[in-house]
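Structure first, commentary second.
The values are calculated or read from the model by the stated rules, or taken from the named source; none is laboratory data. Given the structure is predicted, the values throughout are model-derived calculations rather than measurements. Cβ coordinates were reconstructed from backbone atoms using ideal geometry, including for glycine residues, and neighbour counts include every protein chain displayed.
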Amino acid sequence: MAIQEVLVPDIGSFKDVEIIEVLVSVGDTIAVEDSLITIESDKSSMEIPSPVAGVIKELKVKVGDRISEGSLVVMMEVAGIVETQNLASLQQQPVSAPTPTTTVETQNLASLQQQPVPISTTTVETQNLASLRQPHSPKLDFSKAYATPSVRKFARELGADLNKVTGSGRKGRITQDDVKAYIKDVMSMGGVPGKSATSGNTLGVAPMPDIDFSQWGAIETVPLSRINKLTGEFLHRNWVHIPHVTQFDQADITDLEAFRKQLNEENAKSGMKITPLVFIMKAVVAGLKAYPRFNSSLDAKGENLIRKSYYNIGVAVDTPDGLVVPVFRDVDKKSIMQLSEELKEMSAKARDKKLKPADMQGGCFSISSLGGIGGTKFTPIVNAPEVAILGVSKSDIQPIWNGKEFAPRLMLPLSLSYDHRVIDGADGARFTTYLAKMLGDIRRLLV
């Protein structure tokens, strides 16, 4: 046996980041890829996995410490003589992780391999789980999954891909119950856990082909940013699990725009700039109060509706690295001026990558505005666990009949996407109609 240092690998832009959790203790037996610590930057959190299997002999870090690439994490007793090297190079070498069979589930799975089962009595679930234990099953990469070592081992034994499991624990941590629910869900669809959801197995769809585009000309491979990857996974999950419906409408904001310009002129010396978005935020809050079902969330089992008595609005902000959604709290209690200043500050923090995880949590309803870019309408994807999202496109002058003649009016396109399990079409139409009425005469927001 030999004692080896385990160092922090190349973690990209993460430098001098804080340790928010230590996931192991002295004496713990660790398998390859079991998480050792969790670190958190202004943008996101990440777990640092172990490159080798062994026993923790000494912890070199604690919660609150700040680390960077090359920092010493633990001293580990490993089998054989292993040169001390950084985790990045260790990860490039395949290392077999021990899979001790201590749980009832593991013992049952092992017995499936050892004992032949008559075809007439073998269930689909047994066949699928037994196949996962074959020697040539591909090794799953859990390096980015947010789960404890025991849950990682449990998932590995069952062949569940933790990258596709939604965590219900604190801060989204994946629990054993989440893994069991994932297995049950996959089996109910006739799929096999352990296969990537992107391959389409859980939906019975053929995987996307791997195409060599260079055969037709010069190409360049550009890796997605971390925000792009996280956003893509999040939106894909929401699109698959939520039955979306989108209601389109438009609001006459001619008078609102005149009032907004007047306020900006009056506050020109202070540098305060008010955008239409803050009025839309206030109108949305009025809508949530009038139609409380829009200010709710389904529980994890989809059996109960959780209604909220607070009004936190998420606003999508476009940054060079991708889309982020900071949350503005207690919008009902803030003035137009306060919201304008907060919107300016939050947008700057988003572009400078200074948003904290807490800044993007606790939203009740989201707004995605493309008014400054263009377009007439679009279908935004619901930002779960919220049940609705408002898309705002670019306003334009249109001839509107006022009962006597066509008059030029500034019309704002609205696109409301909602979860059809919670909201029906009639309420969707009522909500957008209500928003249009509030934006058409902002005096109503005072009533």
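At-a-glance table
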| item | result |
| --- | --- |
| Residue check, G391 surrounded by 19 or more Cβ atoms within 10 Å (Cβ to Cβ) and in contact with an Asp or Glu (Cβ under 9 Å, 6 or more places away or on another chain) | no |
| Some residue of segment 31-51 being farther than 29 Å from L224 by Cα, assigned to a strand (DSSP E or B) and either of a type in the set (V, I, T) or modelled with pLDDT of 90 or more (or both) | no |
| Residue that is at pLDDT below 90 and in contact with a strand residue (DSSP E or B) (Cβ under 7 Å, 6 or more places away or on another chain), where the choices are N201, N228 | N228 |
| Which listed residue is surrounded by fewer than 17 Cβ atoms within 10 Å (Cβ to Cβ), at pLDDT below 90 and not in a loop (DSSP other than H, G, I, E, B), from D177, D210 | D177 |
| Count - residues of segment 248-276 that are of a type in the set (A, V, I, L, M) and crowded, with 18+ Cβ neighbours inside 10 Å | 4 |
| Enumeration of residues in segment 290-315 that are loosely packed, with under 12 Cβ neighbours inside 10 Å and of a type in the set (D, E, K, R) | D299, K301, E303, R307 |
| Filter result for N228 (in a helix (DSSP H, G or I) and either touching a residue at least 12 places away in the same chain (Cβ under 8 Å) or small (G, A, S) (or both)) | yes |
| When residues of segment 260-315 are limited to those that are assigned to a loop (DSSP other than H, G, I, E, B) and among the β-branched types (V, I, T), the one farthest from S340 (Cα to Cα) | T275 |
| S297 being touching a Lys or Arg at 6+ places or on another chain (Cβ under 8 Å) and at pLDDT 95 or above | yes |
| Strands (runs of 3 or more DSSP E) wholly inside segment 340-416 that include at least 2 residues being small (G, A, S) and in the same structural domain as N267 (by TED's automatic domain parsing) | 365-369, 388-392 |
| Among (1) modelled with pLDDT under 95; (2) assigned to a helix (DSSP H, G or I); (3) surrounded by 13 or more Cβ atoms within 10 Å (Cβ to Cβ), the one test that D318 misses | (2) |
| Check on E233, surrounded by fewer than 14 Cβ atoms within 10 Å (Cβ to Cβ), not β-branched (V, I, T) and not assigned by TED's automatic domain parsing to the domain that holds D185 | no |
| Residue among K261, K289, K273, K269 that is in the same structural domain as D419 (by TED's automatic domain parsing) and within 22 Å of A388 (Cα to Cα) | K289 |
| Residues that are surrounded by 15 or more Cβ atoms within 10 Å (Cβ to Cβ) and either part of a helix (DSSP H, G or I) or touching a Phe, Trp or Tyr at 6+ places or on another chain (Cβ under 7 Å) (or both), drawn from segment 238-247 | N238, V245 |
| Flag if L109 is at pLDDT below 50, surrounded by 13 or more Cβ atoms within 10 Å (Cβ to Cβ) and touching a strand residue (DSSP E or B) at 6+ places or on another chain (Cβ under 7 Å) | no |
